[in-house]
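None of the figures in this text is laboratory data; all of them are computed from the coordinates on show. Computed from a predicted structure; not experimentally measured. Cβ placement follows ideal geometry from the backbone for every residue including glycine, while neighbour counts extend to all protein chains displayed.
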Amino acid sequence: MLPERDAWGERLPRHLGLWSAVAVLVGSTIGSGIFRVPASVAERLQEPGPVLLAWILGGLIALFGALTIAELAGALPRSGGVFAYILEAFGPLPAFLFGWSELAVIRASALGAIATIIAEYFCFFISFTPLHVHAFPTRRAPDRFLPGVHAVL
């Protein structure tokens with residue numbers, strides 16, 4: 001027997017407790033960028049005070065974003081996350097466009113960034129050097145195509 005529908009016509013059970021919500025929040029906020037970004041921020045700022053200020057400011061921005069999503073989730077307890085909020089606020093077309101951009105661009109670029117960081121750390125721990133990487137046969141595009149590729153990127 002199917003569970004009863006809620007006020008929005010949905011049947012998904014709500015099981016998340018405090019620890020599940022904290023784990024999702026920490027995982028999405030910190031992500032794998034924490035392993036890549038601090039060194040470049042410290043290199044550019046070169047003083048400990050501005051580095052700590054940048055971390056505090058970034059933490060506050062992340063906190064405000066998390067509180068905003070929490071407020072939306074409390075006001076509209078529907079499945080679908082941001083898609084459901086956009087659908088409710090702006091209608092079906094913006095929600096549809098967000099859903100496809102989430103699939104094709106946002107999620108794909110996030111996974112690509114995570115894969116890059118994982119590969120860098122993997123190569124660090126098994127002591128790969130640029131010489132090892134270039135020793136593998138690869139197919140390279142002719143150099144005359146590279147300026148066009150760099151212009152697109």
Work out how much length residue 88 to residue 19 would gain on full extension: take 0.36 nm times their residue separation and subtract the Cα-Cα distance, in nm to one decimal.
22.0 nm
Relative packing of 111-123, 81-93, which averages over residues the other C-beta atoms within 10 Å, highest first:
81-93, 111-123
From the backbone phi of region 50-55, what are the Karplus-calculated ³J(HN,Hα) couplings (6.51 cos²θ - 1.76 cosθ + 1.60, θ = phi - 60°) in whole Hz, Gly and Pro given as x?
x, 5, 5, 4, 5, 5
